[in-house]
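Notes follow once the structure below has been shown.
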Amino acid sequence: MVVATHMLTVRTARRGLVEITREISGWLEARRVSSGLLNVFCTHTSASLLIQENAAPEVRADLERFFEQLAPEDPKRYAHDEEGPDDMPAHLRTALTQVSLVIPVLEGRLALGTWQGIYLFEHRRRPHERRIVLQLLGE
């Protein structure tokens with residue numbers, strides 16, 4: 001049994017979806033396991049993780065617009081605004097998505113579907129440095 005852990009740092013430029021599949025897959029391939037589980041965990045309350053289509057950019061744009069409407073920046077709606085008007089909407093968007101993903105590893109690769117990619121979903125407007133913990137259990 002192999003247990004491996006890694007801290008992946010992702011720099012975001014703005015609010016939106018950042019695909020991190022390649023970085024995660026590269027780290028996994030270097031571990032040389034044939035099967036197992038990979039847990040991907042975002043250590044933040046204003047960013048989250050998604051597995052989503054990675055072929056059509058319109059999907060990402062539509063998701064971003066949907067969340068803008070679902071949790072809009074409106075100072076009259078929220079009491080919490082310590083870090084600005086995007087603070088509470090970012091927390092709401094994280095609460096509606098997830099901060100942890102568990103992905104099977106088969107034949108040394110992530111068992112993602114043909115059009116699936118792993119995304120960090122940045123919910124804040126300004127750039128951030130986000131930490132993602134990768135923990136692999138495999139053999």
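The values are calculated or read from the model by the stated rules, or taken from the named source; none is laboratory data. The model shown is predicted, which means the values in this text are computed figures rather than measured ones. Neighbour counts run over all protein chains shown; Cβ positions are idealised from the backbone, glycine included.
Among the residues of the stretch 1-16, count how many are of a type in the set (A, V, I, L, M, F, W, C), surrounded by 11 or more Cβ atoms within 10 Å (Cβ to Cβ) and out of contact with any helix residue (DSSP H, G or I) (no Cβ under 9 Å at 6 or more places or on another chain).
0
Which count do you get for residues in the stretch 104-139 that are without any contact (Cβ under 8 Å) to a residue 60 or more places away in the chain and in contact with a strand residue (DSSP E or B) (Cβ under 7 Å, 6 or more places away or on another chain)?
Qualifying residue count, the stretch 104-139: 1.
Taking the options R77, R124, name whichever one is touching a Ser or Thr at 6+ places or on another chain (Cβ under 6 Å) and in a loop (DSSP other than H, G, I, E, B).
Unique residue meeting the criteria: R124.
Restricting to the stretch 92-107, what's the tally of residues that are under 13 Å from H44 (Cα atoms), surrounded by fewer than 16 Cβ atoms within 10 Å (Cβ to Cβ) and not small (G, A, S)?
Number of matching residues: 1.
Filter the stretch 82-139 down to the residues that are under 13 Å from the mean Cα position of the chain (by Cα), polar (S, T, N, Q) and more than 27 Å from D62 (Cβ to Cβ) and list them by number.
Selection gives nothing.
Let me spell it out: the conditions are (1) without any contact (Cβ under 8 Å) to a residue 40 or more places away in the chain; (2) of a type in the set (G, A, S); (3) loosely packed, with under 12 Cβ neighbours inside 10 Å, and A55 meets all of them except one. Which number is the exception?
Against the list (1) without any contact (Cβ under 8 Å) to a residue 40 or more places away in the chain; (2) of a type in the set (G, A, S); (3) loosely packed, with under 12 Cβ neighbours inside 10 Å, A55 comes up short only on (1).
Determine whether R14 is touching a Pro at 6+ places or on another chain (Cβ under 9 Å), touching a residue at least 12 places away in the same chain (Cβ under 8 Å) and among the basic types (K, R).
yes
Could you please let me know if L120 is closer than 30 Å to R32 by Cα, touching a His at 6+ places or on another chain (Cβ under 8 Å), among the aliphatic types (A, V, I, L, M) and at pLDDT 95 or above?
It is false that L120 is closer than 30 Å to R32 by Cα, touching a His at 6+ places or on another chain (Cβ under 8 Å), among the aliphatic types (A, V, I, L, M) and at pLDDT 95 or above.
Within the stretch 62-72, does at least one residue satisfy the condition of being of a type in the set (A, V, I, L, M), surrounded by 19 or more Cβ atoms within 10 Å (Cβ to Cβ) and over 17 Å from M7 (Cβ atoms)?
Within the stretch 62-72 (the criterion being of a type in the set (A, V, I, L, M), surrounded by 19 or more Cβ atoms within 10 Å (Cβ to Cβ) and over 17 Å from M7 (Cβ atoms)), the answer is yes, since at least one residue qualifies.
Could you run through the stretch 1-48 and say how many residues are part of a helix (DSSP H, G or I), of a type outside the set (S, T, N, Q) and under 17 Å from the mean Cα position of the chain (by Cα)?
So the count comes out to 6.
Looking at (1) among the acidic types (D, E); (2) in contact with a Ser or Thr (Cβ under 8 Å, 6 or more places away or on another chain); (3) more than 30 Å from V33 (Cα to Cα), which is the only condition E82 fails?
Tallying (1) among the acidic types (D, E); (2) in contact with a Ser or Thr (Cβ under 8 Å, 6 or more places away or on another chain); (3) more than 30 Å from V33 (Cα to Cα), E82 fails exactly one: (2).
Name the residue, out of E64, E82, that is modelled with pLDDT under 95 and outside any strand (DSSP E or B).
Just a single option satisfies the conditions, and that option is E82.
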